[in-house]
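Have a look at the structure below, then the notes.
The values are calculated or read from the model by the stated rules, or taken from the named source; none is laboratory data. Because the structure is a prediction, the values reported are computed rather than measured. A quick note on method: Cβ atoms are made from the backbone with ideal geometry, for glycine too, and the neighbour counts reach across all protein chains shown. For accessibility, only protein heavy atoms count, side chains too; no ligands or nucleic acids. Shrake-Rupley method; radii C 1.70, N 1.55, O 1.52, S 1.80 Å.
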Amino acid sequence: MTHGISGSDRQSKNERREAAREKAKALRDSQRKKDRLSKVVLQGSVILVAVAIVAVVAFAIVTTIKPASPGPRNMLSDGILIGQGLTATPTAALQPGAEPVPNLRNDEDDVIRIQMYVDYFCPICGQFEKANGDQLTTWLESGAANVEIFPMAILDRASQGTKYATRAANAAACVADSSPDQYYGFHNSLFANQPEENTDGLSDSELIALTEEAGVTNPRAVANCIDDQKFKNWVADARTRAQNGPIVDSNVDKIAGTPTVIVNGLKYTGALNDAKAFSAFVIQAENTNFNESSTATPTPTPAP
C-alpha cells in the first residue's frame, strides 16, 4: 500500500503555517504599538522635564532679579551727615535712577564740613579712625564740625568670598535708614571690631549684635534689613557713583580709594595715622574758601 499525504493533512499544515504567520504578524504589530507608545511617553517626559527646567530657571530669575528699590533714608547724598550731639540730618531716600542730592556747605557759617569715604574692611581706614576718632567726636559734640560719612565696599575680594565689605556697608545703611542717630556709634563700633583682611570678616549675626550694642531704636527692622541685605544694590551703585565722580563742591574729581577725607572741599593728603597733622590741616582748611578754581590742597603743618 502506498502511503501519502492526504488532502486533510496538507490543509492542516497550511493552516498551521498561516496561523503561525498571523501570529508573527500580530506580535510584530503589537511590538510596533509598544515602540510607538514608548516613544510618545519618552517625548512627553522630555517635554515635561524641559518645561520643569524652564519653570525653575524662570523662578530663579524672578526671585534673584528684584525690581530696583530706593536707597536708605537719611542718605540722599549717598552719605549720612552727622552734626552736633552726634545726631543725623534727616533726608528722604534716594529713588531708583535718581542722582544723589549733595549736602552743600554753608560758606557763611564757621562749622567745618568733613567728608569721609570709608570701607569698613579697609585697614588704612581703621588706622585713620584709631588716630582721629576721638578728636572727630569732640568736634562733633561741640558743634565745631559736621561729619558726612559715605560707606563704600571696595575690598570684597579680601574676605574669602563672604563679601564682608558689602555686608558691612549694607549694615551701616540699615542703621542709617531705621536708626540714624545711632549711626555714628555703629560706625565707630565697626572700626573698633574691624576684622583683618583675608578673613571671613564679621558674620551677619555679629553685625546685628553690634547694632544692638550701639542702641539702635528699631533693632528688629535693622536685623531684618541686614539679613536680607536690603541695600546691597544701593551699596554697589553708590560705589560706582563715587568712583566715577564728580565729587560736588570739592577739589576731588572722583574717589580713587579709601579712606578719602575732604575738609571744606579740600582733600587731605597728609599722614592718615597722624592726628596732629590732620588737626593742623583742619585748622588751615577752616580758613580756606574752596571754589571751582581751587587746584592746590593746603599742606598739613606740624602742630606746636
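Near the amide H of Thr260, within less than 5 Å, lie the amide hydrogens of Tyr117, all on another chain or at least 5 residues away, with H placed in the peptide plane.
Just in region 61-158: which GluC sites (Glu not before Pro) are loop by DSSP and have at most 13 other Cβ atoms within 10 Å? Write down the numbers at each step before the final one.
Working: sites: Glu108, Glu129, Glu141, Glu148; in loops: Glu108.
Listed in order of number, the matching sites are Glu108.
Once you reduce region 232-251 and region 107-163 to the center of their Cα atoms, the two points are 15 Å from each other.
For region 178-277, trypsin sites (Lys or Arg not before Pro) meeting the loop criterion (DSSP other than H, G, I, E, B) and having at most 12 other Cβ atoms within 10 Å: Lys254.
Averaging 1/r across all pairs of distinct Cα atoms in region 84-153 and inverting the result yields a Kirkwood radius of 13.9 Å. Just the protein heavy atoms count here, and of the accessible area of region 102-209 at 1.4 Å, carbon and sulfur take up 44 percent.
Straight-line cross-link reach from Lys25 at under 20 Å between alpha-carbon atoms covers these aspartates and glutamates, not counting any fewer than eight positions away in the same chain: Glu15, Asp35.
With the convex hull constructed from alpha-carbon coordinates only, region 143-287 shows a mean projected area of 9.3 nm² over all directions.
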